[in-house]
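> Following this message is one structure expressed as structure tokens.
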Amino acid sequence: MKKHIVFDCDCTFGVENCDVDDGLALMYLLGCPEAEVVGITATYGNNRLEVVLESLRRLLADLGREDIPVNPGGKKAGAYVSEAADFLTEMADRHPGELSILATGSLTNLMGAWKKDPDFFYKVKEIVLMGGITEPLVFQKKIMDELNFSCDPAASLAVLTGKTDVSVITGNNCLKVLFTKEDYKKRLFSSENPAAMYIREKTDYWFGYNETDYGIGGFYNWDVTAAVYLMHPELFSDSKSSFCLSEEDLKTGYLREGGKGSSCQENCGIISSLNLPVIGEEEAFKDNIYSAWMQVKMREKKE
């Protein structure tokens, strides 16, 4: 049975000096035969909304998938009235109890959908988020800021406490698997598969960026990890716990674990149960990703 998915993202695939993982997450979904991407809602985060929209449309054109609708969202925190919010509520009504949402950028659009329809979160089957930290993301050269939940803390709080089945792929849990240049050479660089050739052409520079800026000998596929959990949760171990959530903590994307005691009452506004899945066996996880990428059908180039 196919999953009906709306991908809410801040895609900057192909944009100089910007993250590539939203685009790779979309390609992963398109390579999964059991996934039906019913639409994409664009948000800000990695860059301005206009840049994200251009990146998405260019990527879909390269893939020959202009049939997938792209809906612009709010341009900043608090901009809750948008085409994206309208589309999300429409899809929740069209697929009641069956709609899956993968959100990998700011959560402004999801907040907009909830404001438009107070029952929105109850109509959605599941929401998988990439974002949040439970401790600092420390690399060799610097500490990386959380860049998703912190974009719109009020929206993040609403989504995390919206009573839908919410799973959060945190930045910390993504650090378990590093995609190295050697991996890419082994899996993609020797392949004549059109999707493999496209990925290596568009993402090869990202290795140098991460080495220079963070001292990392590869890169972490943050958003792809969330997409894999949505489609293949068996490759993860679920980790459910109670969290004390507040707008103040979410300004830095921080998820404060614990749901009891005076310290919780002093530091948070809402207690919520969340699932923070952890990647299981590394090679099986990687095999699944590369296999899905290889199944993406590219637009045939005209001679």
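> Does at least one position in segment 113-122 carry a residue that is of a type in the set (Ser, Thr, Tyr), part of a loop (DSSP other than H, G, I, E, B) and touching a residue at least 24 places away in the same chain (Cβ under 8 Å)?
Within segment 113-122, not a single residue is of a type in the set (Ser, Thr, Tyr), part of a loop (DSSP other than H, G, I, E, B) and touching a residue at least 24 places away in the same chain (Cβ under 8 Å).
> Oh, and also: Can you tell me which residues in segment 38-58 are buried (at least 22 other Cβ atoms within 10 Å of the Cβ) and of a type outside the set (Gly, Ala, Ser)?
Answer for segment 38-58, where residues must be buried (at least 22 other Cβ atoms within 10 Å of the Cβ) and of a type outside the set (Gly, Ala, Ser): Ile40, Thr41, Thr43, Tyr44, Asn46, Leu49, Val52, Leu56.
> I've got another one for you. Counting just the residues of segment 95-143 that are basic (Lys, Arg) and out of contact with any strand residue (DSSP E or B) (no Cβ under 8 Å at 6 or more places or on another chain), which one comes out farthest from Glu247 (Cα to Cα)?
Taking the candidates together, the pick is Lys141.
> Then there is this: For segment 214-261, which residues satisfy the criterion of being of a type outside the set (Gly, Ala, Ser), modelled with pLDDT under 95 and part of a loop (DSSP other than H, G, I, E, B)?
If the condition is that a residue be of a type outside the set (Gly, Ala, Ser), modelled with pLDDT under 95 and part of a loop (DSSP other than H, G, I, E, B), then Ile216, Tyr220, Asn221, Lys260 are the ones that fit.
> Taking only pairs six or more apart or across chains, which ones have beta-carbon atoms under 6 Å, a first residue in segment 132-144 that is in contact (Cβ under 8 Å) with a residue 24 or more places away in the chain and surrounded by 17 or more Cβ atoms within 10 Å (Cβ to Cβ), and a second residue that is in a loop (DSSP other than H, G, I, E, B) and among the hydrophobic types (A, V, I, L, M, F, W, C)?
Every condition considered, the pairs that remain are Gly132/Leu255; Thr134/Leu255.
> Of all residues in segment 86-110, count the ones that are surrounded by fewer than 24 Cβ atoms within 10 Å (Cβ to Cβ) and assigned to a loop (DSSP other than H, G, I, E, B).
4
> Also, quick follow-up: Would you pick out the residues in segment 20-45 that are out of contact with any strand residue (DSSP E or B) (no Cβ under 9 Å at 6 or more places or on another chain) and either at positive phi or assigned to a loop (DSSP other than H, G, I, E, B) (or both)?
Selection gives Gly31, Pro33, Tyr44.
The values are calculated or read from the model by the stated rules, or taken from the named source; none is laboratory data. Bear in mind the structure is a predicted one, so any value in this text is a computation, not a measurement. Reconstructed Cβ throughout: ideal geometry from the backbone, glycine too, with neighbour counts over all protein chains shown.
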